[in-house]
Amino acid sequence: MINFTFLVTVLLTAIAFVAIVVTLSGVIAPRSYNPQKMEPYECGIPTRGRSWMQFRVGYYLFAILFLMFEVETVFLFPWAVITRQMGVAGLFSILFFLFILVLGLAYAWKKGALEWK
């Protein structure tokens, strides 16, 4: 039987700690209400025209695909370190993971997600 009292105590303590820190930082943080601080600012160049403009979905899609494959590539490093210890089962699990990764890349490629239009 698992005693959930400890878990509830830790969760309540964590929630209380976060609430106290956020409230305290809001109370004691310095504030400056300068109109220049409220202007949109990019790379030291003042904006021209409207600062709210729409970007094509392709940029977001490309970025998400990049992050997805980058994070999945990071998962290969722990496997590479212990491959000899895992033996054949470890090798097959890495190959299965790479197969799914290549399948996802082929799907994105077929759908045209990697092309700039």
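A few comments on the model shown:
- Of the chymotrypsin sites (Phe, Trp or Tyr not before Pro) found in the stretch 58-98, those in coil by DSSP whose Cβ has at most 12 other Cβ atoms within 10 Å are 75.
- Shape of the chain, Cα gyration tensor, a/c cut at 1.5: oblate
- Under the membrane-span-like helix rule (DSSP H runs whose alpha carbons stretch at least 27 Å along the helix axis, mean Kyte-Doolittle hydropathy 0.0 or higher), the chain yields 5-28, 83-111.
- Rounded, prolate or oblate (a/c below 1.5 giving rounded, otherwise prolate when a/b exceeds b/c) for the stretch 51-112 by Cα gyration tensor: oblate
- Simple Cβ-charge dipole of the chain, Lys/Arg +1 and Asp/Glu -1, about Cα centre, in debye nearest 20: 320
Read the figures in this text as sums done on the coordinates, not as results from a lab. No experiment lies behind these values; they were computed from the predicted model shown. Because the Cβ atoms are built from the backbone with ideal geometry, glycine has one as well, and the counts that use them run over all protein chains shown.
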